[in-house]
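Reviewing the structure listed below.
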Amino acid sequence: MSNYSGAPRPRWQRWLPLGLLGALLLLGASIYRGYGLTWDEPSNHYNGAVNLNYAVEFLLPKALAQRLTPAGLPLHPKGTWPGFDHGVAFELPAAALGRVLYPGDPPGYYRLRHLLVFLVFLGGLVVVYRLARLRYPTARWLPLLAAGALVLSPRFFAEAFYNGKDISFMVAFALGMLTLVRLAQRPTLRRTLVHALATAVAADVRLTGLVLLVAFTAAAMGLQAGAPGAVPTPLRRRLGLLALYAGLAAVLTVVGWPYLWAAPGPRLLEVLDRTTHFPWPGLVLYRGELLRAIALPWHYLPTWLLITTPLAYLVLAALGLTTGLLTLGRRGARALYQSGGWLDALLVAWLVVPPALIILNKSVVYDGWRHIYFVYPALLLLALRGVRALAQAWRAGGRAARLAGLAGLLLAADVARALCFIILAYPNQQVYFSCLPAPAAERLFERDYWGASYLYGLQWLLRHDPAPTLTVTGPQRPIIYVNWLLLEPAQRRRIRLVADSTARYYFTAYRWHPQAYADSLGPEVLAYRPGGGVRALSIFRRDSLGRPLPPEPIGQKALARPTP
């Protein structure tokens, strides 16, 4: 399965994936500046900068370290900074590059960061493509469909420009699964070393990557050991390579995470415990109720996955899973060793085990299902089996072909709908809902919990009100401030963010406030609906100043900021 078979492909087919990747790179480079800043970006950047300072101070002489580290940042990532348990495989290099290219220039750094996140996302497309080729070595188009489906997922498309934590973990974990499959197929020392490095990169984004990848690797190595036609490898050698892999992955994880250097063992356990029981005390809006993040129902993650993923992908994944189960029922355990069945089993485990562990462990999750974005490639790869099932029904002819053709048209229409939303909703595709009418989504679920739409609101206000000074407030002033940072200097001078009832304009993204605002707040001058969907942002003009403002919603994340 590791060697691609079939007739040699025409040259244009060999170059097509690279051409499409290049086109996406040009597209991203032309639009990345339009995306706003989000709640997590300042804290993520600060986490990278603190760890960078700590690494410099740890590795270099004190005099040189003091020259290379800016004043005002702590030199140790614990005690002075609560984000010490967040991995830095992406944030530390991004902070270092930003310090070199944009010293003292926050807007320049954050735009650079958006471009870097997108480059990581492009790398993820390559990984998903390669995984699909391993699963379907003779297929011409299925790998491209898998990568294309990831691009044509509206929420992922938007977050590919700013969600450094979840997108980078998704990519790193998928890379770990790719190197895992190659190692299981042919256990060699070189592949063991490469897989250990990929695992460490995933762990240095989120430590659960180490636990899951080691467990999946052990299972896959054991499953492949008994596969008919597998590369003959003595059991002792397989166990030795597995032990080497696990130990080396742990060592490399410590090497790539400065916080772990002082006490690797205790701090690994400490970070793992905080990762599985993250102490976030906030509230989330779920099915019309404000619930504590530490006590969400088991169906929170499945519901969010269902309502924000294009239905075509869900239907195809369900079809692929069903055909796999039917094959398993007919052939028994032999199906695991025929036509890539063991890899399908691995994909199912990738998709199902992480959310199941979160549900059973009652781990804290919030902001939709972003904490398990890393299972999404598995869903798309399983959907390819559904595509193949439809293609086989189409080739069979008769009534099955007609049904397959109708299903294909409906599924293609849903994908086309997702594409249209990506185009029309730019740059705020993060409020896409796949199967809910806008009024229901607005009433039941959080809308722009990232806060990126505030940049659009500030730019709209600057275009539509020529006043030299515009006073602005809202229930989430910190996120308004960080988006204010992305404005041009002349525009920033016109916007004044205030915390009292003297503000002329009131901004809200409805994160913890699904209901309509009182008429006393003033007329709504902007009801921003990206792509014609949910109302993501409203701006009210307060013609009668001095009246009390609505109370701030409970659950707002703390974000320190100076006053502009």
*Measuring from a point 7 Å past the Cα of residue 549 along Cα-to-C-beta, which residues in the range 520-543 have an amide N at less than 14 Å?*
521, 540-542
*Taking K and R as +1 and D and E as -1, what net charge do the other residues with C-beta under 15 Å from the C-beta of residue 528 add up to?*
+3
*Full extension from residue 306 to residue 325: what is 0.36 nm times the residue separation minus their Cα-Cα distance, to one decimal in nm?*
4.7 nm
*Rank-order 423-436, 167-180 by packing density, defined as the average count of other C-beta atoms within 10 Å over each peptide's residues, highest first.*
167-180, 423-436
*Compute the length gained on full extension between residue 14 and residue 485: take 0.36 nm times their separation in residues and subtract their Cα-Cα distance, giving the result in nm to one decimal.*
165.2 nm
_Relative contact order for the chain: what percent, with Cα pairs under 8 Å and sequence separation of 6 or more?_
16
*Report, in degrees rounded to the nearest 10, the 0 to 90 angle that the Cα long axis of helix 106-135 makes with the longest principal axis of the chain.*
20
*Using only the Cα atoms of the range 480-544, each taken as one equal point scatterer with no solvent, compute I(q) by the Debye sum, divide by I(0), and report log10 of the ratio at q = 0.26 Å⁻¹.*
-1.26
*asked:* If you take every residue apart from residue 52 with its C-beta less than 13 Å away from the C-beta of residue 52, what net charge results, scoring Lys and Arg +1 and Asp and Glu -1?
replied: -1
*Does anyone have the angle between helix 91-101 and the longest principal axis of the chain? Alpha-carbon axes, 0 to 90°, nearest 10?*
60
*Ordering of 144-156, 520-532 by packing [mean C-beta count within 10 Å, highest first]*: 144-156, 520-532
*Give, in nm to one decimal, the length gained when the segment between residue 239 and residue 465 is fully stretched (0.36 nm per residue of separation minus the Cα-Cα distance).*
74.4 nm
_Restricting to bridges with both residues inside the range 453-541, how much of the DSSP beta-bridge set is antiparallel, in percent to the nearest 5?_
60
*Under 13 Å, Cβ to Cβ, from residue 384 - net charge with Lys/Arg +1 and Asp/Glu -1*: +4
*Take every Cα pair under 8 Å in the range 447-506 that's 6+ residues apart, average their separations, divide by the length, and report that relative contact order as a whole percent.*
43
*What angle do you read, to the nearest 10 degrees and between 0 and 90, between the alpha-carbon axis of helix 376-396 and the longest principal axis of the chain?*
50
*Taking every DSSP beta bridge that has both residues in the chain, what percent is antiparallel when rounded to the nearest 5?*
70
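Where a number appears in this text, it was derived from the coordinates with a stated rule and is not lab data. Quick caveat: nothing in here was measured; it's all calculated off a predicted structure. Don't worry about glycine lacking a Cβ; one is built from the backbone with ideal geometry, like all the others, and counts go over all protein chains shown.
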